[in-house]
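Heads up: the structure comes next, in structure tokens.
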């Protein structure tokens, strides 16, 4: 019996077939937002079409017992009494001008949720704006489903809520104490959220119409699902004691510090506190590293490799620096004046890639310092093939080791654990970059915006 993980990421949507402890097959498609009207929103029909066609392809060769959905943070569905969307699912990068939300939102001391500016990454801000801007449509809503649970609902017809999504920068939850934030009660929304379930709970079998479209067996079960970064974190949480840290890399670089003190998380640096699948608070700091890397390298053919050690040595010797913020995405330097390059220009494409890789390592190290992270750092996701990033981070985090996962799809591995599938992972220790990176870091930090 095999399981399928439906991973709805910001950049791509994927279906991964897991059987006998390994990912046997992965199908992928771009996840592009629609421009509107009434606002930029998730292409829900395209995702559903991909899911149905992909499940049919996978079911043709494997007997699938379980489906688990993971999805990026910052999206939810307002559904009506018939289970249909009352409003399109907002693309969280849609600019939202809603100063009133800042006056009614629960304080950081309660939710550990910073104001992630520029869009709807704070679900509280997103929902407040939708309710104010589209009162008639929002008023038809009978339930609010988080992103993973919306797709689980589409598959099996059972609505649910889940802890890791409540606790990922929504402003709707109190991570340390548990329970709804004062903002939810202020808005009178408690009744709109379905019952809280554990991420691995079985909701029910797939609907008859889903079986007819895909050929899935009658007893194929749908589980609640969870937030994607929390899925990546879960397998490490289950396999090692805190303190330790995880850098989950993709469109976002999400730095998570197991065992760190939530009360020490700074309120004004883009840091937050997530909740893991076991209910524990996890201090986090994030920046849009994957997208920034693509922007900084300009789509170079060798960018995925991150340049070379020789190119990194040249960048460090020249004192070439890249300073945040890059773009206007949330992060420790959001709202500050745009950074940019300092020093000589890169002398080659390899140096350009190495400069961007060193920037990502410096930012990741900085995020972990903001969280006061301790213990080994495990890197997973799209940057596990970037040797310069890994070696630079290993040098910056000394004497703690940096380990690189053998699995580039931590979300799949974490989700699979919820259905009893263990994908073996033996993280390898990364040799530190043998270059004077400490002085390079000092120069970089001295040049950071106030």
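Derivation of every value follows stated rules applied to the coordinates shown; laboratory data play no part. Not measured: the values here are computed from a predicted model.
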Percentage of interatomic Cα-Cα distances in the stretch 298-388 larger than 17 Å: 55 percent
Rg and Dmax [Cα atoms of the chain; Å; Rg one decimal, Dmax integer]: 21.5, 64
Over the stretch 187-249: Kirkwood hydrodynamic radius from C-alpha pairwise inverse distances, Å: 15.0 Å
Between 0 and 90°, nearest 10: helix 437-446 axis offset from the chain longest Cα axis: 70 degrees
All-pairs Cα distance distribution in the stretch 1-132, expressed in whole percent, bin size 5 Å: 2, 9, 17, 17, 16, 13, 11, 8, 5, 2, 0
Pair-distance profile P(r), taking every C-alpha pair of the stretch 1-77, with 10 angstrom steps and integer %: 18, 49, 24, 8, 1
Part-to-part distance (alpha-carbon centres) for the stretch 81-110 and the stretch 367-428, which is given in Å: 32 Å
Rg ratio (alpha-carbon, reference 2.2 N^0.38 Å) - the stretch 371-443: 1.27
Estimated translational D of the stretch 230-446 in µm²/s (Stokes, Kirkwood radius over Cα pairs; 10 °C; 1.306 mPa s): 92 µm²/s
Over 31 Å [Cα-Cα, the stretch 2-224], rounded percent: 21 percent
For the stretch 54-181, alpha-carbon Rg and Dmax in angstrom: 16.2, 54
Beta bridges by DSSP in the chain, antiparallel share as percent, to the nearest 5: 70 percent
Relative frequency of Cα-Cα separations exceeding 23 Å in the stretch 114-256, percent: 45 percent
Using distinct alpha-carbon pairs, which all enter the 1/r mean, Kirkwood radius of the stretch 219-322 in Å: 16.3 Å
For the chain: relative contact order, % (alpha-carbon pairs under 8 angstrom, 6 or more apart): 15 percent
